[in-house]
Amino acid sequence: MPESEEARIFAAGLVMPVSASEIRDGAILVREGHIAAVGTLEDVGREYPDAGVRYFPHYTIIPGAVNAHAHLGFRRKDAPEGGTFAGWLAKLIERLPEKEAWTAEAARDSAREAIEAGTTFMAESSPYGECLPQLAESGLAGTVYAEFFPHEIGAPDEAVQFIIGKVRELREGLPERVDAQVSVHSPYTVDPESSRLAARRTREEGWHLAIHLSESPEEVEFVGDGTGRLANIFAKNDWGGTGLSPVRYAESIELLGPQTIAAHLATGVSEEDIEVLARTGVAAAHCPRSNEYLGCGVSPVTRMMERGVRVAMGTDGLWSSPSMNLFEETLFALELQGFEGATGLRLATLEGARALGMEAETGSLAVGKWADFAVIEALPDGADPEREVLEAAAGGGVVATVVGGRSIYDRIQGAAG
């Protein structure tokens, strides 16, 4: 019988379901890839005496990380210099021809790094979905958002027809729990009409939509005044100068809605913008290390959360962030925003699933959800146990990653903790 279909108990000195209270000497029963029971090892073991048990007495089991915004197709070495977003982007574009030779290898390596850091679900964005094969073969669950660039294709209706058709092709023959959707890359690369048409078409299809939004000072300048280095980043972008913030501009062209996940929201996000985000139901992916590297400022995620905006965590990619470790990213956000550990752990797991509309399937350890979890080399006993676990996971303390009941990373195979 395949591993994902076995009735098996995973137990640990501590289980943190996130959606419920922690359980000392806790256990998860996995059957057919899903969680069939959660409780103490004594109770679960008594109720399912025939299930095999893998026990980690000195470890903690938590839900797997949900990375709400990532780019797999970058590598750690030779990243363009940061400091300014437009300068970094110009260097990136200049090096696109050479990047083609190593993008696939970088995507495989990035996926493996994320897995070894406890990630179980990833929302990845790449041009025309180029990193879908590597995500699909990695063992991760996830969605690749195919970015499109109308200046490379043609008129708005032609460009949107192309990307919708491309995504339909990408979705054929995929493994279970791997999907493809559309990304309207950004306000400075996709013209207003192409953006509007793409948003309408994805809503008609019942798909989600990914965008980069209010990421940098240069984006704010382009959208508001029509000036700056992004005004000609791809030939001539002549649709700037709207007098609006990027968020209000995105609303005006119908990009914002409950199905939309907006990455970054780091620069110039006002109280009025937060009201727009809350009213439209859009979700936000917080990528604080990328924002810092590119001189984009600090996202007002605390105020967004207070207004009911769904906020998740994302790593971005290795040319703008030091790792694909979402728990490390979350620990950085915790320090930056002053969150307690429990908030950080929720942002990295259940809130990521909520932002992507998948909270009924993953993000916490609850009966009926997919068995997506990580085993962490920590058994906290302090005042902030979630922070202790985050620190361990951020510091390389993930010893096993399980997706849909299947171990896709295990560095203590066969050990009993």
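Where a number appears in this text, it was derived from the coordinates with a stated rule and is not lab data. Note that the coordinates shown come from a computational prediction; the quantities given were computed from them, not determined experimentally. No Cβ is skipped: glycine too gets one built from the backbone with ideal geometry, and neighbour counts run over all protein chains shown.
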Q: Could you point to the residue in GLY39, ILE376, ALA51 farthest towards the positive end of the chain's charge dipole, with +1 and -1 charges on the Cβ of Lys/Arg and Asp/Glu respectively?
A: ALA51
Q: Let me know the charge dipole size of the chain about its Cα centre in debye, to the nearest 20, where only the beta-carbon of Lys, Arg (+1) and Asp, Glu (-1) is charged.
A: 240
Q. How large is Rg over Rh for the stretch 269-325, taking Rg from the Cα atoms and Rh as the Kirkwood inverse mean of 1/r across Cα pairs?
A. 1.02
Q | Top of ILE274, ILE233, ILE61 by mean-square fluctuation, Gaussian network on the chain, Cα under 10 Å | A | ILE233
Q: Calculate how many DSSP beta bridges within the chain are antiparallel, expressed in % of all such bridges and rounded to the nearest 5.
A: 40
Q. Taking neighbour counts of Cβ atoms within 10 Å as a proxy for exposure, in what order, fewest first, do TRP102, TRP207 appear?
A. TRP102, TRP207
Q | Relative contact order, percent, the chain [alpha-carbon distance under 8 Å, six or more residues apart] | A | 21
**Q.** Cα lying deepest toward the dipole's positive end in the stretch 99-206, options ALA117, ALA180, ALA104, charges on Cβ
**A.** ALA180
**Q.** Spacing of the two label points (7 Å from each Cα toward its C-beta) at ARG303 and ASN232, in nm
**A.** 3.5
Q: Determine one quarter of the surface area of the Cα convex hull of the stretch 182-238, which equals its mean projected area, and express it in nm² to one decimal.
A: 3.8
Q: Please report GLU272, GLU377 as a ranked list, fewest other C-beta atoms within 10 angstrom at the top and most at the bottom.
A: GLU272, GLU377
Q) Gaussian network model of the chain, Cα springs within a sub-10 Å range: biggest mean-square fluctuation belongs to which of GLY228, GLY404, GLY26? A) GLY228
Q. If we restrict to alpha carbons, what Rg and Dmax does the chain come to, in Å?
A. 21.1, 68
Q) How many nm separate the modelled label positions at GLU94 and GLU204, each set 7 Å beyond the Cα in the direction of the Cβ? A) 4.2
Q | Cα shape, the stretch 1-126, gyration tensor, a/c 1.5 rule | A | prolate
Q: Quickly estimate the mean residue ellipticity at 222 nm for the chain, helices only: each DSSP H run with n ≥ 4 gives -39500 (n - 2.57), and the total goes over all residues, rounded to 500.
A: -10000 deg cm²/dmol
**Q.** Ranked packing of 340-352, 188-200, most packed first, by mean Cβ within 10 Å
**A.** 340-352, 188-200
Q) Using the count of nearby Cβ atoms within 10 Å as a rough guide to exposure, how do LYS99, LYS91, LYS77 rank from fewest to most? A) LYS77, LYS91, LYS99
Q.
Positive end of the dipole of the stretch 65-355, charges at C-beta (+1 Lys, Arg; -1 Asp, Glu), about the Cα centre: which of PHE339, SER290, THR189 has its Cα farthest in that direction?
A. PHE339
Q) Hey, could you pull the Cα Rg and Dmax for the stretch 1-65, both in Å? A) 11.0, 33
Q | Shape call, the stretch 366-409: gyration tensor on alpha carbons, a/c limit 1.5 | A | oblate
Q. Where is the GNM fluctuation largest for the chain (alpha-carbon springs, 10 angstrom cutoff): ALA20, ALA394, ALA12?
A. ALA20
